[in-house]
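Working notes, beginning with the structure itself.
The values are calculated or read from the model by the stated rules, or taken from the named source; none is laboratory data. It should be emphasised that the depicted structure is a prediction, and the values quoted were computed from it without experimental measurement. Glycine gets a Cβ as well: all are built from the backbone with ideal geometry, and neighbour counts include every protein chain shown.
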Amino acid sequence: MRLYAAMSRIFPASFLAKVFLVTFLGIHVPLLALGFWAIKSNGGPLAHIGPLLVALVATLVGTVLTLWALHAILRPVFLTEAALRNYEATGKTMPLPQGYGDQVGRLMEATNRLILSVEWQIDDSRRKSETDSLTGLLNRRGFERRMPKQLRGALLIGDVDAFKSINDRHGHAEGDRVLAKIAELFSKSVRAGDLVSRFGGDEFLIYLPDVDSAQATTTAQRLRQAVQNHIWGDDLAVSVTIGVAVAPNGADLNTLFKQADALLYESKSRVDHASHDGAVNMGGLRH
């Protein structure tokens, strides 16, 4: 590192310049030796002007060709630096050439592996941060990140009726099993393009893009029936109440959520004083 450190004082920002300087000095040693010999020989340098000119021209041509070849052969190093800088600045990968067995080839392969490994770790961390570990559904963060600024369709909020009593009577493990099963039933009861999430606790949020009030109500009833018709086991009955807000002309998530939430709890208050068999309450936004 001593030579590299010393040359960094001369060319602090260019590795290519360092290589060029070393190459230039190395190529010109024969010419300098010949010139020194001509000066010291009988007759002086003028007596050997022909050989000196030939050596000078050959050295200059050799220097140009060598520097050009060095620039070309160092191309993988420049590409590796560019790939790392590009990934650092934009987060986008720039695959490097592979299949070369020397040190620089292995450096490019190692750089590709490193970037892909970092990509995988970032994606894995993002998936974990946006996924509910119990149900495998999107959590609140993951759901919100996937929402468009303007929602056109319906937002459903489903809440498990008397969930606290399920935990109290049957234990938290059974409560977790109920939530996981509801997540599975909901996921099987919606379209491929719909989004189902566990928003927190025993609350589920479902976005149905491009549906009208009738379609949203039908889906909500299907979700409720899927839960109610499932065989939960002895001495366990599970139902859900769902609030449905529809915005065919578009609304932001917060606005639609507030309406669906209000409709949910309006319906919950009726369910809590009735038969605990769940309900669907639907409303719409008009613009």
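Restricting attention to the stretch 176-201, which residues are modelled with pLDDT under 95 and more than 26 Å from the chain's Cα centre (by Cα)?
G201
Is at least one residue of the stretch 168-189 within 24 Å of D212 (Cα to Cα), exposed (fewer than 13 other Cβ atoms within 10 Å of the Cβ) and among the basic types (K, R)?
Scanning the stretch 168-189, I find at least one residue that is within 24 Å of D212 (Cα to Cα), exposed (fewer than 13 other Cβ atoms within 10 Å of the Cβ) and among the basic types (K, R), so the answer is yes.
Name the single residue, out of those in the stretch 80-124 being touching a Ser or Thr at 6+ places or on another chain (Cβ under 7 Å) and polar (S, T, N, Q), that is surrounded by the fewest Cβ atoms within 10 Å (Cβ to Cβ).
My answer is T80.
What number goes with the only condition from (1) closer than 21 Å to L223 by Cβ; (2) touching a residue at least 12 places away in the same chain (Cβ under 8 Å); (3) assigned to a helix (DSSP H, G or I) that G153 does not pass?
So the condition that G153 fails would be (3).
Quick check on this structure: which one of Q103, Q150 is outside the structural domain of A262 (by TED's automatic domain parsing) and either of a type in the set (S, T, Y) or at pLDDT below 90 (or both)?
Q103
Take L185 and tell me if it is part of a helix (DSSP H, G or I) and out of contact with any Gly (no Cβ under 9 Å at 6 or more places or on another chain).
Against the criterion (part of a helix (DSSP H, G or I) and out of contact with any Gly (no Cβ under 9 Å at 6 or more places or on another chain)), L185 qualifies.
Tell me yes or no: at least one residue of the stretch 132-143 is charged (D, E, K, R) and part of a helix (DSSP H, G or I).
So far as the stretch 132-143 goes, yes, one or more of its residues are charged (D, E, K, R) and part of a helix (DSSP H, G or I).
Taking the stretch 64-79 only, how many residues are surrounded by 13 or more Cβ atoms within 10 Å (Cβ to Cβ) and either assigned to a helix (DSSP H, G or I) or under 27 Å from the mean Cα position of the chain (by Cα) (or both)?
Residues flagged as surrounded by 13 or more Cβ atoms within 10 Å (Cβ to Cβ) and either assigned to a helix (DSSP H, G or I) or under 27 Å from the mean Cα position of the chain (by Cα) (or both) within the stretch 64-79 amount to 7.
Among the residues that make up the stretch 169-177, is at least one of them small (G, A, S) and touching a residue at least 12 places away in the same chain (Cβ under 8 Å)?
Yes.
Tell me yes or no: at least one residue of the stretch 195-207 is farther than 19 Å from T241 by Cβ and without any contact (Cβ under 8 Å) to a residue 60 or more places away in the chain.
Yes - at least one qualifying residue is present in the stretch 195-207.
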